[in-house]
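Working notes, beginning with the structure itself.
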Amino acid sequence: MRKEEIKKVVRAGYAKIAKPDSSCCVPVNSCCGSTDLAQDIGKKIGYTEEELKVVPEGANLGLGCGNPVALASLRESETVLDLGSGAGFDCFLAANKVGKSGEVIGVDMTPEMVENARENAEKGNYRNVQFRLGEIENLPVADNSVDVVISNCVINLSPEKRRVFKEAFRVLKPGGRLMVSDVVLLKELPDFIKNSIEAYIGCLSGAIMRDEYIGAIKAAGFQEVRIIDEASFPIECMANDSTVKAVVEDLKIPPEKVKEIGSSVISIKVFGVKPCETS
Amino acid sequence: MKKELMDILACPMCKGDLELGIEEEDEKGEVVVGSLYCGKCDERYPIEEGIPNLLPPELRQSSE
């Protein structure tokens, strides 16, 4: 599939998740998109109960795979950029940490998601969070302008991951930090999954090998790159994921094979710094 | 959209500065309707309901 097509289907898939009522026959559902499950999943992937409570209702869609905010050690008055901000959950958590003198900017390419996020910001009366429609491969952000770039389970969806990391590097101030969590692979996926568009939207087929992912971050110029945490991708998440279920049923994959595939997918939290002097 | 954030904004294509055009503001001084213009690319990015649409031109059109 061409990268333009991938972007199109990913956007359409997430538009449906953002506005579940707008369509009646959507089997596509990403990493546990059900809001009933969102709270439970939120806890499993590392958000505290407190964090889940303080953000506006509807901001947590349960689509992430980790909690970069807890790791980002955000400081008062910093400027934070969230790549693929969705309904705004991580942006609101970040906003609470950077305070009134700080700014959080969420970029997402799905208009329905950005609209949701803006409504959530209003609901929660957040004045230090702004959302804009944009592509993470073509960030509408000036060079050297943000302190921290965060992203939660989004970059796997991009067909141009190297470019995303280059863009993140460009917009960070010297000394700025990259803190992302994402889904990566320990073993290549079988072709029938790789070629499934549902599995792509479900954060599976777009995932690349862990070493390749880390390599792309380093190639963008980041230093001190390290994996802070590694976890198996919550299996409850996958089991409940209608996308994965549909793929499993459609292709009649035996349970052992499902388990094997499950064990080759992990979520990682990665840290990197833009050096103060770039040559 | 807050006007103070203009410093951070850039054209998604050439990363150059954008010129703000205001059509409607709210009581807090935030831009509700307007546009962001890139002189270098001669491209106008709309601001609707307070959200700047800074998707690259070809993607923006496909979403309409």
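Coordinate-derived values only; no laboratory data. Since the structure is predicted, the reported quantities are computational estimates derived from the model, not experimental observations. Virtual Cβ from ideal backbone geometry, glycine too; neighbours counted across all protein chains shown.
Here are the numbers for this structure:
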| read-out | value |
| --- | --- |
| Count of the range A:195-207 residues which are surrounded by 18 or more Cβ atoms within 10 Å (Cβ to Cβ) and part of a loop (DSSP other than H, G, I, E, B) | 7 |
| Residue ranges of strands (runs of 3 or more DSSP E) in chain B with at least 1 members among the basic types (Lys, Arg) and surrounded by 18 or more Cβ atoms within 10 Å (Cβ to Cβ) | none |
| Hits in the range A:189-214 (condition: over 23 Å from residue A:12 (Cβ atoms) and in contact with a strand residue (DSSP E or B) (Cβ under 7 Å, 6 or more places away or on another chain)) | A:209, A:210, A:213, A:214 |
| Given (1) in contact (Cβ under 8 Å) with a residue 60 or more places away in the chain; (2) in contact with a Pro (Cβ under 8 Å, 6 or more places away or on another chain); (3) away from chain B (no Cβ under 14 Å), index of the condition residue A:121 fails | (3) |
